[in-house]
Amino acid sequence: MKILLVSANREHSPYPVFPIGLSYLAGSLDAAGHELSVLDLCFEQEPETALAERLASFSPALAVVSLRNIDNVTWPGCRSYLAGVRDVVSICRGSARVVVGGSGFSLMPREIMAYLDADFGVVGEGEEVLPLLVESIGQGTCPSGLPGVLVRGVDGYLPPQLVERIASPGRSLFDVTRYQRQGGMANVQTKRGCPFACVYCTYPLLEGRRMRLRPISAIIDEIRALVEGFGVSYVYFVDDIFNYPSDFAEQLCRAMAAEQLAINWSAFINPAFMPPGLLDVMMAAGCDAVEYGTESGSPLMLRNLGKAFTVADVRDASRLCRERQVDFAHYILFGGPGETRETILESFSLMDELEPTAVIAMTGIRIFPGTPLHRTALDEGVIDSSTDLLEPTFYISPAVRNEMAGLVTSEAIKRKNWVVPGLEVNISDAMLEALRMFPVKGPLWKLMKHLVRSRVKPM
């Protein structure tokens, strides 16, 4: 079957992100013998025109639209992407039947399916079930019995099944080099699943709580193919947590070092699982920056957010980076359950003590169905059963709801290494464009130490 794969993501802030989810689908559909074409709307100046032209030239029987995110999860500067995706689906349905999937779709599949008016939807990991759905469509049978598949006009769907053998993504139809050039890195996934219990997190909903590790040899082969086939020199590991299980992370890093792959890389790290020996092995494998999902400098807030580490863990992990001169960033979430003026100031105080390369702070926490935070928001009356969560909806602790934006702004602008995207503190589109002019690969926050204070626009 002729299938058009459409990546609907057009977000460039802070940098364009390669559609790795869609590339996994490309790999499985190619293996099943289908004729594929890819349209990545991230770099299209006129996406609707580009889509119409590709539909006319390729004449697919099926269009698969991947929805990475439904909005930018940023308060108060919220941007929803759904209207644009609905336009994409509408154009496709004039020429082909449409399947919608992706992590964004899987968060609220029934609601998004109805909003987009697609023909089919795939919830969760699609590499195994999508070829079966395509086969069913080709045979003219109803695919509603397939796990995780929604069918237009059919109520309900069976629970999705997790993929046990995670293959390598198929990148040959994608412009990997452009993402390397404009985004500064390529992305690689080493595992799926998250056993932790952060109150706001959707990873356990999307990937399950049981961790499924890819063979280390397959990961090495994928990285080598990126280096040799696409000229990639920097990789970001997109795992929810790279360093858990720690023994797997160490084995992977030792294998990377043994292969002498010509790359540098960074990853998201849990402070509780960073022994000195692991960081040393990571550095030997090319790691030059780490990102800590710290979320708060307050012991109370770490407990309230369901974090599996302590302030002492955060201190120890930061000290390791400083001693080894590895760039590191802390991510902070302000406004969670129990947040007060005092706990906000605790976070600023701890970051002052730790002196990271950068602090990236978000204000308010996006509420998604099925998370513990969703239940808290219902119990506290922040939302009710009729609240439309397709619209960006945020939890902000009642104790700081009226002063959080002003307090965070006033404190963050005193510190040149703080970035608060939602409040436009030390960040703007012009600043991002300027940062991309530097010939440095990897996360843009690494450059914070080289910059003077940027123009600040408090909200």
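The values are calculated or read from the model by the stated rules, or taken from the named source; none is laboratory data. Note that the structure is a prediction, hence the values are computed from the model and not measured. Here the Cβ is made from the backbone with ideal geometry for all residues, glycine too, and neighbour counts use every protein chain on show. These accessible areas exclude ligands, DNA and RNA; they are computed on the full protein's heavy atoms, side chains included. Shrake-Rupley method; radii C 1.70, N 1.55, O 1.52, S 1.80 Å.
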Filter result for residue 375 (out of contact with any Gly (no Cβ under 6 Å at 6 or more places or on another chain), among the charged types (D, E, K, R) and free of Cβ contacts under 8 Å to residues at least 24 places away in the same chain): yes
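Restricting to the range 199-234, count the residues that are charged (D, E, K, R) and within 20 Å of residue 172 (Cβ to Cβ).
Step one: list which residues in the range 199-234 are charged (D, E, K, R), which gives 207, 209-210, 212, 214, 221-222, 224, 228.
Okay, now just the ones that are also within 20 Å of residue 172 (Cβ to Cβ), so 214, 221-222, 224, 228.
Count: 5.
Please state which one of 396, 383, 427 is at pLDDT below 95 and open to solvent by less than 60 Å² (accessible area, probe 1.4 Å). I'd like the intermediate steps shown before the answer.
Working: 396 fails: at pLDDT below 95; 383 fails: at pLDDT below 95.
Testing whether each residue is at pLDDT below 95 and open to solvent by less than 60 Å² (accessible area, probe 1.4 Å) leaves just 427.
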Flag if residue 349 is over 17 Å from residue 298 (Cα atoms), open to solvent by 40 Å² or more (accessible area, probe 1.4 Å) and of a type outside the set (A, V, I, L, M): no
Residue match in the range 325-344 (condition: modelled with pLDDT of 95 or more, over 25 Å from the mean Cα position of the chain (by Cα) and within 30 Å of residue 286 (Cα to Cα)): yes
Condition broken by residue 183, with the remaining ones in (1) at pLDDT 95 or above; (2) within 18 Å of the chain's Cα centre (by Cα) satisfied: (1)
Some residue of the range 233-248 being more than 22 Å from the chain's Cα centre (by Cα), more than 27 Å from residue 207 (Cβ to Cβ) and in contact (Cβ under 8 Å) with a residue 12 or more places away in the chain: no
Index of the failed condition, residue 320 passing every other in (1) among the aliphatic types (A, V, I, L, M); (2) assigned to a helix (DSSP H, G or I); (3) surrounded by 22 or more Cβ atoms within 10 Å (Cβ to Cβ): (3)
Total residues in the range 48-103, condition open to solvent by 20 Å² or more (accessible area, probe 1.4 Å), outside any loop (DSSP other than H, G, I, E, B) and of a type in the set (A, V, I, L, M, F, W, C): 6
Some residue of the range 399-416 being modelled with pLDDT of 95 or more, within 24 Å of the chain's Cα centre (by Cα) and in a loop (DSSP other than H, G, I, E, B): no
From 248, 268, residue being crowded, with 16+ Cβ neighbours inside 10 Å, in a helix (DSSP H, G or I), at pLDDT 95 or above and touching a strand residue (DSSP E or B) at 6+ places or on another chain (Cβ under 6 Å): 248
Selection status of residue 5, part of a helix (DSSP H, G or I), open to solvent by less than 10 Å² (accessible area, probe 1.4 Å) and either out of contact with any Phe, Trp or Tyr (no Cβ under 7 Å at 6 or more places or on another chain) or modelled with pLDDT of 95 or more (or both): no
Subset of the range 203-228 [open to solvent by less than 50 Å² (accessible area, probe 1.4 Å) and in a loop (DSSP other than H, G, I, E, B)]: 208, 211, 214
Index of the failed condition, residue 28 passing every other in (1) farther than 20 Å from residue 175 by Cβ; (2) at pLDDT 95 or above; (3) out of contact with any Lys or Arg (no Cβ under 6 Å at 6 or more places or on another chain); (4) open to solvent by 40 Å² or more (accessible area, probe 1.4 Å): (4)
